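Engineer: Can you read through this structure? Questions will come right after.
The values are calculated or read from the model by the stated rules, or taken from the named source; none is laboratory data. The shown structure was predicted, so the numbers you read here are calculated from the model rather than taken from an experiment. No Cβ is skipped: glycine too gets one built from the backbone with ideal geometry, and neighbour counts run over all protein chains shown.
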Amino acid sequence: MSEVVAPIWDAGHPEESYTLLARQIAALAAGEEDLLAAVANGVALLARVLPEVNWVGVYRAAEGTLHLGPFQGAPACTRIPFGRGVCGDAALGRRTLLVPDVDDYPGHIVCDPGARSEIVLPLVRGDRLLGVLDLDAPRPGRFTEVDQHGLEGVCRAWLDALAPLLRPDRARALFPVLGS
């Protein structure tokens, strides 16, 4: 693992902060030989750096269901069917969902009653959905289009850095879809 210094968030320049965060998460994953460790460390970095976030985690895709993976925050739902809740809808549609107020989202699954806003980003490599990155915040409206764009860039950099570990022979334990 390369040495990584957690970036300091600059609220006045979020675009620059996300660019730095993308480089940092890629550096943290580079050279790691254990996919689970690399994903867990990436989640920990996001949870530590991003302001006003009370839950960050990865749900992995397998057979039409999202399975809880590495996360930081309160205990969470362990399985979410595709097409159910924000995470399931993001997985099914393979698109980012930004939800300013979860109380207004039809079918929202309440895992943590302290979560008031949410953003879910699909983790796609090639034509395969690996899972989703889920972030919750304790206040409505926490996530904006700037966050969406920045986090999409972070996910691209992270998946690129994880590419050597995402081969089916190496990734089956964390992302079973790659073994099929």
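Engineer: Scan region 145-165 for residues that are farther than 17 Å from R95 by Cβ and either surrounded by 19 or more Cβ atoms within 10 Å (Cβ to Cβ) or at pLDDT 95 or above (or both) and jot them down.
Structural biologist: V146, A157, W158, D160, A161, L162, L165
Engineer: Counting just the residues of region 36-49 that are among the hydrophobic types (A, V, I, L, M, F, W, C) and touching a Phe, Trp or Tyr at 6+ places or on another chain (Cβ under 7 Å), which one comes out farthest from L130 (Cα to Cα)?
Structural biologist: V49
Engineer: Look at V132 and say whether it is farther than 22 Å from C77 by Cα, touching a residue at least 24 places away in the same chain (Cβ under 8 Å) and aliphatic (A, V, I, L, M).
Structural biologist: no
So that you can scan it fast, the table gives a plain yes or no per residue for (1) within 22 Å of A115 (Cα to Cα); (2) in contact with a Gly (Cβ under 7 Å, 6 or more places away or on another chain):
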site: E16; (1), (2): no, no
site: A22; (1), (2): no, yes
site: A26; (1), (2): no, no
site: V86; (1), (2): yes, no
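Engineer: Identify the single condition in (1) over 21 Å from T144 (Cα atoms); (2) crowded, with 21+ Cβ neighbours inside 10 Å that H67 does not satisfy, given that it satisfies every other one.
Structural biologist: The one condition H67 does not meet is (2).
Engineer: Are any residues in region 99-116 crowded, with 18+ Cβ neighbours inside 10 Å and hydrophobic (A, V, I, L, M, F, W, C), and if so, which ones?
Structural biologist: V99, V102, C111, A115
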